[in-house]
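Written below as structure tokens is the structure these notes are about.
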Amino acid sequence: MLTVASCLHQHSSLLKEQKNSNHLTARMSAFNSENASTLENAMQLMIQTFHKYSGNEGDKYTLSRQELKEMLTQELGNYLGNAQDKDAVDKVMGDLDSNNDGEVDFTEFIILVGALTVACNDFFLEYHEKDGKKKE
């Protein structure tokens, strides 16, 4: 069974490892997703997606500006629009990089995913409210 303590232990162990990203992916996929809930699988997918792009250049546990641009383009293009736009990437980087180190760590990445999820939820709630009022 996956517990908060086991997740924290797993995350701590991963941060200590200085292996290549293939080994990281293998460790992350070692979780038993057969019995995992939809939300647990979504959390695991967010972790795997972050690490898919982090460490291609520089620090293995952060996203550089270029890694962020690639991730935005490949993974969030439908939600963010033109992620190829340098100004848009710079804006997202500036908004996310709360400690001003020029990189986006996992916590900062989760803030982006959370903010986008809230925005999407708000949009769909408004859409359904308008749709519901038309039927009355």
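Where a number appears in this text, it was derived from the coordinates with a stated rule and is not lab data. Because the structure is predicted, anything quoted here is derived from the model rather than measured. Don't worry about glycine lacking a Cβ; one is built from the backbone with ideal geometry, like all the others, and counts go over all protein chains shown.
For the reader, a short list of remarks on this structure follows.
- Note, ³J(HN,Hα) from phi for the stretch 94-100, Karplus 6.51, -1.76, 1.60, rounded to Hz, x at Gly and Pro: x, 5, 7, 6, 5, 9, 6
- Cut-off under 5 Å, modelled amide H: who pairs with Asp105 long-range: Leu63
- Ordered from longest to shortest, the equivalent ellipsoid semi-axes for the stretch 37-129 are 23, 17, 12 Å, each the square root of 5 times a Cα gyration tensor eigenvalue.
- Of the peptides 62-74, 100-112, the ranking by mean beta-carbon count within 10 Å, highest at the top, reads 62-74, 100-112.
- One chain, two ends: Glu34 and Glu126. Fully extended at 0.36 nm per residue, the span grows by 29.6 nm beyond their Cα-Cα distance.
- Extension gain from Tyr61 to Asn78, taking 0.36 nm per residue of separation minus the Cα-Cα distance: 3.6 nm
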